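Peer 1: After the structure tokens below, expect a handful of questions from me.
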Amino acid sequence: MAMWDRLKDQAKNLQQSQSGRGSGGQGQAPHGQGQAPYGQGQSPYGQGQSPYGQGQSGGHATGSSSGGSKAKLVGLLKAQLASAKTELKSGAYRDASMAMCALVAAADGHVEQAERQRVEELIVSNEVLQNFPADQLRQRFNKHLDQLIANFEAGKAEALREIAKAAKKPAEARAVIQTGIVVAGADGHFDQSEQFAIRDACAALGLSPTEFGV
């Protein structure tokens, strides 16, 4: 229940920060001056916790509420991304996000056609990514995915190079990771291979994976 209470508090705080934007916080970044979106060094899931509860990993969470928890957390990350939509319009964020989505989709080493189409649909329907033309997103996503399928290690290295370009702006860097988690968790699972992909991307961006609960 403590985890659910934290989620409710986070959602409430997010709504308050959105409603207060414009009237307060003059000249500040969307998450406060120089702060990470969850507070300095904090994870969106509570201090030191995984998104699946204490000691649990994606795909193996137990308890009847685990599926609901994942959906709630993905929804929370979507809301946090949406709150920064107006600041996520750069080419660096677009390109890094598409590399991130491809890396997550191919994390287990292979991609079914149905999986490719599912991720494409998630991308073009994502509220923040609608800042960009759908054909630009598809082209960049499929380019990276094809490279990963042809040669996973070489494709991974290229994707991480693209992701690293977003490191210059911390808000965009964190949004790239959030986008990857939203895509990875959209099917109700967050497999170990997907978590490793997120961690690799965090390393490329100079971020701590614990900030995102992975």
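Peer 1: With a/c under 1.5 counting as rounded, go ahead and sort region 61-214 into rounded, prolate or oblate using the C-alpha gyration tensor (a ≥ b ≥ c being the square roots of the eigenvalues; past the cut-off, prolate if a/b is larger than b/c, else oblate).
Peer 2: Judged from the Cα gyration tensor, region 61-214 comes out rounded (a/c under 1.5).
Peer 1: May I pose another question? Starting from the Cα gyration tensor of region 144-214, take the square roots of the eigenvalues, sort them a ≥ b ≥ c, and report rounded, prolate or oblate (rounded when a/c is under 1.5, otherwise prolate if a/b is larger than b/c, else oblate).
Peer 2: On the way: a/c = 1.82, a/b = 1.10, b/c = 1.65.
Judged from the Cα gyration tensor, region 144-214 comes out oblate (a/c at least 1.5, b/c at or above a/b).
Peer 1: Where only protein heavy atoms count, and the probe is 1.4 Å, what is the accessible area per residue for region 81-123 in Å²?
Peer 2: 39
Peer 1: May I ask which of K78/K156; K72/K169; K78/K165; K89/K169 have a Cα-Cα span longer than 18 Å here? Write out the running numbers ahead of the final one.
Peer 2: Working: K78/K156 25 Å; K72/K169 27 Å; K78/K165 22 Å; K89/K169 12 Å.
From K78/K156; K72/K169; K78/K165; K89/K169, over 18 Å: K78/K156; K72/K169; K78/K165.
Peer 1: Now for a different question. Can you put T179, T210 in order of accessible area, largest first, using a 1.4 Å probe? Walk me through the intermediate numbers first.
Peer 2: On the way: T179 5, T210 90 Å².
Ranking T179, T210 by accessible area, largest first, yields T210, T179.
Peer 1: Using a 1.4 Å probe and ignoring any ligands, DNA or RNA, find the accessible area of R140 and quote it in Å² to the nearest 10.
Peer 2: Roughly 60 Å² of R140 is accessible to a 1.4 Å probe.
Peer 1: Could you tell me what percent of the accessible area of region 129-199 is made up of carbon and sulfur, with a 1.4 Å probe and every protein chain present?
Peer 2: Values: 1620 of 3230 Å².
Using a 1.4 Å probe with all protein chains present, region 129-199 comes out at 50 percent carbon and sulfur.
Peer 1: May I pose another question? Among 77-87, 167-177, how do they line up by average Cβ neighbours within 10 Å per residue, starting with the highest? Spell out each step's value before the answer.
Peer 2: Values: 77-87: 17.7, 167-177: 20.5.
Averaged packing, sorted descending, gives the order 167-177, 77-87.
The values are calculated or read from the model by the stated rules, or taken from the named source; none is laboratory data. Keep in mind that what you see is a predicted model, and the values were worked out from it rather than measured. Every residue, glycine as well, gets a Cβ built from its backbone with ideal geometry; the counts of neighbours run over all protein chains shown. For accessibility, only protein heavy atoms count, side chains too; no ligands or nucleic acids. Shrake-Rupley method; radii C 1.70, N 1.55, O 1.52, S 1.80 Å.
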